[in-house]
Every structure is written in structure tokens, then in C-alpha cells.
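Heads up, the thing below is written out as C-alpha cells.
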Amino acid sequence: MKGTFLLRIDVELAWGFLERRKTEKKYIKAIGKVREILDPLLNLIGQYEIPVTWGILGHLFLDHCECADRPHPDMPRPNYSWFEGDWYKYDPCGHITEFPLWYGKDIVDKIVELADRNPTQQEIGCHSFSHPIFGDPGCSEELARAEIDKCLEILEERGLRPRTFVFPMDNAGHINVLREKRFSAFFGGIPQLIESTSLERSAPNLVRKHASLGMEWLGYYALLPPHVGLPRQVLPGLWEIPSSLCFNKKKAIPMSLVVLKAKKGIRRATDQNKCFHMFTHLHNFGLDSPTLLHSFEKILSFADQKRREGNLEITTAEGLVEGFGKQAPCAGIGRHE
């Protein structure tokens, strides 16, 4: 294979922040701007003809919830040491017009419409139903299976059959269930020396977190290139795709260094015939829309240039594992057979 650029965008809205004991106001503001930045973002993707793997949370396909005694009584709950109360305690059990941070049908409709027009370029992946952390000990196999089944049920109602799974926070767990449900790819985290599979606010985890942030900061200012890699088959027919770089606004790191690091990743992928996988979240663009969109365009333009020069392939997750030698399980990417 030649060097490859894989872009992933996760769509979570407020569900992506359940693990926080107190969601910061700046993130609430950023989530509120998602609808404002969606069209400009989709226009950039269309302008440069960039394939994207979208990791969309199942709950966002809904425009309302009707709750009796409690939200989603059919769903099992995780048992995390770091989360108090019912997992769905923040679900407003209302309508999208009143609670736009928790329901995203209008957003999903625009993304799915783009995928319908470009089924070989836009892949709709499964990101679970409610964003539990699969790799945490508090997530049982029963919960993992129920989360995936619920997400698949909702997506299949829209004519979608995803083959790529996006673990919340890229924290993998119960991958045997992915194989059982006929997924062919999932994403691993960014390879690093210090990591934790639990969000428990213990002293060791806080040390790991700050040490990792320090290493990240050093990597940017030392102008180190990001990791590039190749898919790894972890079970028959199931491939793990390593991550390279998270595109977002980082504390004390100018966006110019983020763009530079992304370009270094693309160059490294072309030099080594490997994959540079950059991921982001829709709400990340809401933190500083003009700056983030401008920086994002610089990366897309650079990738498009390398592609036109014949040095780079830009593809989706399913396209990558197919091109890596795996026989595709279905004719279309993320669609019904």
C-alpha cells in the first residue's frame, strides 16, 4: 500500500461529556455551536473531496425521548467507580427543539445525506448508543452488546449497516462482541508510554494524565512527527487501526504547530507507506470556529496536494482494511448489502 491519510470525525454532542463530574462551560458553548459550523465543515470536505469516517453516537439519531419511570429502561447500566447515579440521569427525556445538546437528528440527517451522495467516500460508523467506556472494568459484556445492538438497530432503520466501530474515548473493550456483530474495523488509541484504562480520579491516574499531557506538549514544541502505522488483525476479519493525532485546540499549543504536526504525519506516511489517522470531534470546531476551520482547511489542502501528486491515498476505515488485503464483507462502505 502507498501512504494513506484517514480522517475520522466523531459526533457526540453532550453525551461525550458524561464522564465529567462537572462539564466545563466552554464545552457547553462549543457543543451549542455545532449546528453553526456543520455546513462550513461539510463544504470543506466536499471542496477537497476528502473521504471521512464518521463515528456517530446512536442516541443522536433521535429527535426526542419518551420516558416513563426512567430513560431507556431497556438498556443495562455501567457500574463505574467514577460515576455516581444512573448513567442516563442527564437524558432530558424531551424534544430536540428544547434540548438540542442531547438530540442530533438534524445534524445526522445532513451527514447521512452526504454519505448517500458519496457512499464510497463517506463512511458512517457506530460509536455506541450512549458513550460508555468499554475498556473500563465497570462495563460488562452485557452492556457492550446492548449498546452495540441498540446503535445498530437505530442505524439500520436508516438503511445503514456500519462495518467500523468507534470506541468512546478509543478505550477498547469486549472486541469479541465486535466480531460477533460483523464489524471489520475499530480504532485504537494513540500509542503512548503512559495510559490508563480507567477514568477513576485516583492519584496514579492523575499522574499518568499530566505526564501524558507533558509528553504531548514536548512533542509539539520539539517538532516531533506523529505516529503512523498499519492495521493489525486482532481477530479473524477484525482489524485495529492505530491513531496518530487528535485535531483540536490545545492548551498552550498554537494551532500552527498542530497543522505542522499533521503535515509531518502525512509526509511520514508517504515516506513509510503507512497510515496517518487524524481524528477530531464535531464539537472541537465550536471552541474557536474561524481558527479551527482555517487550520483544518490547511491540512485538507495539503493532503489533497499530496494525493494529486500521486503520493498519498485518502480513504475511510473500511476502505483501508479492504485495501490492506481484507476481502470486503459488503459491496458498499457502511451500507446495506
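Coordinate-derived values only; no laboratory data. Small disclaimer: the values here were computed from a predicted structure and weren't measured. Using ideal geometry, Cβ is built from the backbone for each residue, glycine included, and neighbour counts are taken over all protein chains shown.
In sequence order, the stretch 223-229 has phi-based couplings of 6, 7, x, x, 5, 10, x Hz under the Karplus curve 6.51 cos²θ - 1.76 cosθ + 1.60, θ = phi - 60°, and Gly or Pro positions carry x. Oblate is the label for the stretch 81-184. Its Cα gyration tensor axes, ordered a ≥ b ≥ c, give a/c of at least 1.5 and b/c at or above a/b. Amide H neighbours of residue 166 under 5 Å, counting only residues 5+ apart in sequence or on other chains, H built in-plane at 1.01 Å? When sequence neighbours closer than 5 places are left aside, the close amide H contacts are 126, 127, 128. With a ≥ b ≥ c the root eigenvalues of the C-alpha gyration tensor of the stretch 1-54, is it rounded (a/c under 1.5), prolate (a/b larger than b/c) or oblate? The shape class here is oblate. Counting DSSP beta bridges with both partners in the chain, what percentage is antiparallel, nearest 5? Counting DSSP beta bridges with both partners in the chain, the antiparallel share is about 20 percent. Remark: the residue 233-residue 217 segment gains 2.6 nm on full extension, using 0.36 nm per residue and subtracting the alpha carbon distance. For the stretch 145-151, the Karplus equation 6.51 cos²θ - 1.76 cosθ + 1.60, evaluated at θ = phi - 60°, returns couplings of 5, 5, 4, 5, 4, 5, 5 Hz by residue, with Gly and Pro reported as x. Segment residue 289..residue 67, full-extension length gain: 76.4 nm, with 0.36 nm per residue of separation and the alpha-carbon distance subtracted. Highest average first, the peptides 219-225, 164-170 ordered by how many other beta carbon atoms sit within 10 Å of their residues are 164-170, 219-225. Under a model in which nothing but the beta-carbon of Lys, Arg (+1) and Asp, Glu (-1) is charged, the chain shows a dipole of about 1460 debye around its Cα centre. In this label model, residue 180 and residue 29 are separated by 4.5 nm, measuring between points 7 Å along each Cα→Cβ vector.
Spread over its residues, the convex hull of the C-alpha atoms of the chain is 130 Å³ per residue. Residues whose amide H lies under 5 Å from that of residue 123, counting only those 5 or more places away or on a different chain, are 52, 53, 54; hydrogens are built 1.01 Å from N in the peptide plane. For the set 33/306; 261/298; 25/249; 2/263; 29/261; 25/251, the pairs lying more than 21 angstrom apart at their alpha carbons are 33/306; 29/261.
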